[in-house]
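> Just dropping this structure here.
The values are calculated or read from the model by the stated rules, or taken from the named source; none is laboratory data. Please read these numbers as outputs of a predicted model, since none were measured by experiment. We place every Cβ from the backbone using ideal geometry, glycine too, and count neighbours over all the protein chains shown. These area figures cover heavy atoms from the full protein model, side chains too; ligands, DNA and RNA do not enter into them. Shrake-Rupley method; radii C 1.70, N 1.55, O 1.52, S 1.80 Å.
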Amino acid sequence: ALLNRERTGRGDLVEVSLIKTAISSLTNQARNWLVAGKQPARQGSAHPNIAPYGESFETADGRLVLLAIGSDRQFFDLCEILRIERESVTEKFSTNQQRVAGRRELAEILSSKFKTRDSSELLERIHRKKIPAGIIQTVGEALSAPEVAPIFLSANGLKGIRNFIGHFPFTASATTPTLLPPPHFGEHTEEIIARISSR
């Protein structure tokens, strides 16, 4: 709309519907319903059309590993890492369609193997094979990551995080603008009154 205004001088009305936005996020589940009449069941973060994708498995040291297996090769690489003999899963789980259909049985097999392995050693091998997976972190763990430090806000003894993290302008030499924390009640009253009075 802004580009159109600059080019033509004509403005536009931009509307965003919350319900349309929410429904559009149901792409996979909506397709399952519209094409196959399949009523989705609760399945947490598990992907309805790919398996194992979005499921988490507990390791021997009590960490949860989230998987995002997107291909047959990744699945069989995972089986190799978990020491699951290929022959034992080929008949039932060699294709994604079979893995989705047998999701519950497959999860039990994977779960029993994950429970015998340490998370750090397992993740190292998984990432070496380029399999998408990661540890599910607590909020405290996520906030302690060094990449998060630039978006912390602290003022008047209060702490928070920015909900706007863009960098403007988009140049290598530009500095990130300073965003002020929410003001205390009446904090800027005198400043605002003085600005209005000087007009």
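> Pairs only if they're at least six apart or on different chains, beta carbon under 7 angstrom, first in the range 58-75 and on the phi < 0 side of the Ramachandran plot and among the basic types (K, R), second surrounded by fewer than 14 Cβ atoms within 10 Å (Cβ to Cβ) and modelled with pLDDT of 95 or more; list them, first residue then second.
Filtered contacts from the range 58-75: no entries.
> Next question. Any residue in the range 42-57 that is touching a helix residue (DSSP H, G or I) at 6+ places or on another chain (Cβ under 7 Å) and open to solvent by 50 Å² or more (accessible area, probe 1.4 Å)?
No: the range 42-57 contains no residue that is touching a helix residue (DSSP H, G or I) at 6+ places or on another chain (Cβ under 7 Å) and open to solvent by 50 Å² or more (accessible area, probe 1.4 Å).
> Restricted to the range 107-120, and to residues that are more than 19 Å from K130 (Cα to Cα) and touching a strand residue (DSSP E or B) at 6+ places or on another chain (Cβ under 9 Å), which residue is most open to solvent (accessible area, probe 1.4 Å)?
K115
> In the range 50-65, is there at least one residue being among the polar types (S, T, N, Q) and at pLDDT below 95?
The answer is no, given that none of the residues of the range 50-65 is among the polar types (S, T, N, Q) and at pLDDT below 95.
> Could you tell me which residue of the range 85-106 is farthest from P132 (Cα to Cα), considering only residues that are without any contact (Cβ under 8 Å) to a residue 40 or more places away in the chain and crowded, with 18+ Cβ neighbours inside 10 Å?
Here the answer is V89.
> Hey, could you check the range 139-156 for residues that are in a loop (DSSP other than H, G, I, E, B) and open to solvent by 80 Å² or more (accessible area, probe 1.4 Å) and say which is farthest from L123 (Cα to Cα)?
Narrowing the range 139-156 to residues in a loop (DSSP other than H, G, I, E, B): 144-145, 156.
Checking the rest, the ones that are also open to solvent by 80 Å² or more (accessible area, probe 1.4 Å) come to 144, 156.
On the way: S144: 20, N156: 41 Å.
Per the stated criteria, the residue is N156.
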